[in-house]
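Here's the structure we're looking at; comments come further down.
The values are calculated or read from the model by the stated rules, or taken from the named source; none is laboratory data. All values reported here derive from a predicted model rather than from experimental measurement. Positions of Cβ are generated from backbone atoms using ideal geometry, with glycine treated the same way; all protein chains shown enter the neighbour counts.
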Amino acid sequence: MFGWSINLFRIRGIQLAVHASFFLLLAYAAYEGWAAGGWEQLLWSTGILLAFFACVVLHELGHSFTAMHFGVGVRRILLMPIGGMAEFDAIPRQPSRELLITLAGPAVNFLIAAILWAVVGFGGDDYPADAEGFGQLLLHANLLMGLFNLLPVFPMDGGRILRALLATRLPYLRATFWAANIGKVLAAIAACLAAFVFHNYLTAFLFAFIYLAGDAEYRAVLRRDLEDAHWRAMAARMYAAPAVAEEPPLLGP
Ligand code: ZN
């Protein structure tokens with residue numbers, strides 16, 4: 001499902017790629033804008049969308065640069081309509097490192113929000129169709145993005161923070177198990193609330209996706225642990241086994 005992506009450019013060696021479905025979202029935003037108010041509205045809605053996703057990229061770069069600081073390779077950042085995803089070679093299992101790498105993403109959003117606040121002010125909930133309104137809308141979007149990502153729903157940032165905190169006391173696999181299950185319960189509740197109470201099906205879909213992603217990542221950690229255990233057992237057996245090519249007993253004189 002992560003196929004069909006287009007490579008854009010590289011940032012410090014990290015490939016930035018856009019999933020094809022992102023262009024559907026862009027086309028939808030353009031159409032909505034056009035229908036609501038012609039060219040001016042079209043430029044506004046596509047401009048907001050592109051600026052919003054530029055902030056998503058900066059959020060992922062926050063994670064990525066912190067990871068690279070710890071020597072973790074980052075292959076690419078994939079942009080999808082539901083958000084961005086940085087693909088690391090391996091997520092460090094030291095809780096302190098995972099904590100810093102994870103916190104760096106939302107920290108970027110809060111930093112952008114703080115800068116915008118200083119430049120255009122906080123604003124209200126109706127946005128004038130000018131640079132100030134654009135900045136205020138982007139400010140609110142960044143605050144929301146930062147806070148939303150901090151929800152303790154694994155594998156979102158908040159869930160990773162929870163895992164890292166649990167991993168200071170529990171083995172990594174148990175910590176992942178608990179973080180993933182707490183996240184799944186919360187994601188299921190959020191999806192039901194979004195669908196049946198607020199009739200916001202996009203948010204419901206998003207939480208359903210997060211539920212599946214949390215489950216998939218827990219299984220990946222479990223599989224890696226089982227493989228590690230398998231190879232450790234193999235190695236132990238090989239070293240414990242008597243040497244095969246024992247010298248044949250010499251015949252006595
Ligand atoms: Zn993040």
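Before moving on, here are some points about what is shown:
- Which listed residue is among the small types (Gly, Ala, Ser) and under 25 Å from ALA175 (Cβ atoms), from ALA27, ALA51, ALA107: ALA107
- Restricting segment 32-51 to residues that are out of contact with any Leu (no Cβ under 8 Å at 6 or more places or on another chain) and not hydrophobic (A, V, I, L, M, F, W, C), the residue that is nearest to MET85 (Cα to Cα): GLY47
- Matching residues, segment 96-122, being more than 16 Å from the ligand (Cβ to nearest atom) and out of contact with any Gly (no Cβ under 7 Å at 6 or more places or on another chain): SER96, ALA114, ILE115, TRP117, ALA118, GLY121, PHE122
Every residue, every condition in (1) in contact with a strand residue (DSSP E or B) (Cβ under 6 Å, 6 or more places away or on another chain); (2) surrounded by 16 or more Cβ atoms within 10 Å (Cβ to Cβ); (3) hydrophobic (A, V, I, L, M, F, W, C); (4) closer than 30 Å to VAL72 by Cβ, yes or no:
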site: GLY13; (1), (2), (3), (4): no, no, no, yes
site: VAL18; (1), (2), (3), (4): yes, yes, yes, yes
site: PHE22; (1), (2), (3), (4): yes, yes, yes, yes
site: LEU43; (1), (2), (3), (4): no, no, yes, no
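- The residue of segment 68-125 that is surrounded by the fewest Cβ atoms within 10 Å (Cβ to Cβ), among those that are of a type in the set (D, E, K, R) and part of a loop (DSSP other than H, G, I, E, B), is ASP125.
- All of VAL18, VAL56 fail the test of being within 19 Å of the chain's Cα centre (by Cα), within 16 Å of the ligand (Cβ to nearest atom) and not hydroxyl-bearing (Ser, Thr, Tyr), apart from VAL56.
- Inclusion of THR46 among residues that are of a type in the set (S, T, N, Q), outside the structural domain of PHE205 (by TED's automatic domain parsing), in a helix (DSSP H, G or I) and over 16 Å from the mean Cα position of the chain (by Cα) is warranted.
- When segment 143-169 is filtered for residues that are over 16 Å from THR102 (Cα atoms) and either in contact with a helix residue (DSSP H, G or I) (Cβ under 7 Å, 6 or more places away or on another chain) or part of a helix (DSSP H, G or I) (or both), the ones remaining, listed by number, are LEU143, LEU144.
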